[in-house]
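First the structure, in the form of structure tokens, and then the observations on it.
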Amino acid sequence: MRLLVGLMFVGSLAGCDSNLTVREVCESNAMLCEDLNTDSHCRYERADVIMARLDEANKPDLENKYQLLKHFERYSKCVELAAQIQHIKLKEKTTSRYTGYHTAQKEINRLLFETKGTNHPGLLFYHWSRNNDQDAIRRLLAMEDDPKVSNSQDAQFYLASYYMKVDTDKTLQHLYRNLELNQPDTEPNPEVLTSLVNIHYQRHDYNLAYTFARIATLAGIENIDYNALTNYTKEAGHDTDRLDDLAQTTYEQIVSGTFHSPRS
């Protein structure tokens, strides 16, 4: 059966003042910025990297290394794509993007090397998914009921990613838990929503697939094919108008941080 959407798959310093701007950080600590791209591409990802670099420099603990790793991965993907955009007259812009990409790869490798053997849930997943570290995934799975994992939105997403190919029920459990942990005024992870659409569609739970497709649309996801989904939902005897209302209510619960899994 064709999938409806793509399946899923983060000297002296300026100090700890969280109110510092990126420009202020770069002016006082040029080494945190000068090896990244210098044009306007990936500016949000670049800003996140710079602030995460500052945090790690001030406090190089596992959590800050994990946050920096996540930001470098996002920045790397963005700047790699941007590096393919050629400027006929401004070759230096393309060059700076390549510089940023290579910096990201170097820093990702550094962070993975420095955190090998950790018990940080997020880092364990990175070591498994990037380096096929089987010991890391075994340790993460052993921590499944640990509050550090069960109450971590990231960890729930990572566990869902692991179980995707081996246990659909466990995948759903962790995807729903991820939504339960969504922070107020924050959009849900689009990969969580599209995965829920796909899984319910494959299981012929068309009412749930349709509902989460509508939720995904409300969250700004545009590449959902409603043709077959709507037909199957109606043929199964479900009222799509009622499901539209349910989707709106559920979306509002997710973004307000009050969502509770229907599987509870």
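Across region 201-264, the mean sequence separation of Cα contacts (distance under 8 Å, 6 or more residues apart), normalised by length, yields a relative contact order of 38 percent.
3J(HN,Hα) along region 36-43, derived from phi through the Karplus expression 6.51 cos²θ - 1.76 cosθ + 1.60 where θ = phi - 60°, amounts to 10, 5, 10, 9, 7, 5, 6, 5 Hz, with x in place of Gly and Pro. The string of couplings for region 227-238 from the Karplus curve (6.51, -1.76, 1.60, θ = phi - 60°) is 4, 5, 4, 5, 4, 5, 5, 5, 4, 7, x, 9 Hz, one whole number per residue in order, with x for Gly and Pro. A DSSP coil position with no more than 14 other Cβ atoms inside 10 Å describes the following GluC sites (Glu not before Pro) in region 160-239: 222. Using alpha carbon centroids, what distance separates region 226-257 and region 167-202, in Å? What the calculation gives is 15 Å, centre to centre.
Accessible surface computed residue by residue for the chain, with neighbouring protein chains in place and a 1.4 Å probe, gives 53 Å² per residue.
Annotation: average projected area of region 77-190 is 9.3 square nanometres, based on the convex hull of Cα atoms across all directions.
Apolar share of the accessible surface for the chain: 49 percent from carbon plus sulfur atoms, 1.4 Å probe.
Only helices enter this figure: runs of n ≥ 4 DSSP H residues, each worth -39500 (n - 2.57), summed and divided by the residues of the chain, yield -20500 deg cm²/dmol at 222 nm to the nearest 500. Of 59/170; 65/165; 59/116; 165/234; 65/170, which ones are farther than 25 Å apart at the Cα? Exceeds cut-off: 59/170; 65/165; 165/234; 65/170. Taking every C-alpha pair closer than 8 Å and separated by at least 6 residues, the mean separation divided by the residue count of region 114-264 gives a relative contact order of 20 percent.
The values are calculated or read from the model by the stated rules, or taken from the named source; none is laboratory data. The shown structure was predicted, so the numbers you read here are calculated from the model rather than taken from an experiment. Cβ coordinates were reconstructed from backbone atoms using ideal geometry, including for glycine residues, and neighbour counts include every protein chain displayed. Accessible surface is based on the protein model in full, side chains and every heavy atom, while ligands, DNA and RNA are left aside. Shrake-Rupley method; radii C 1.70, N 1.55, O 1.52, S 1.80 Å.
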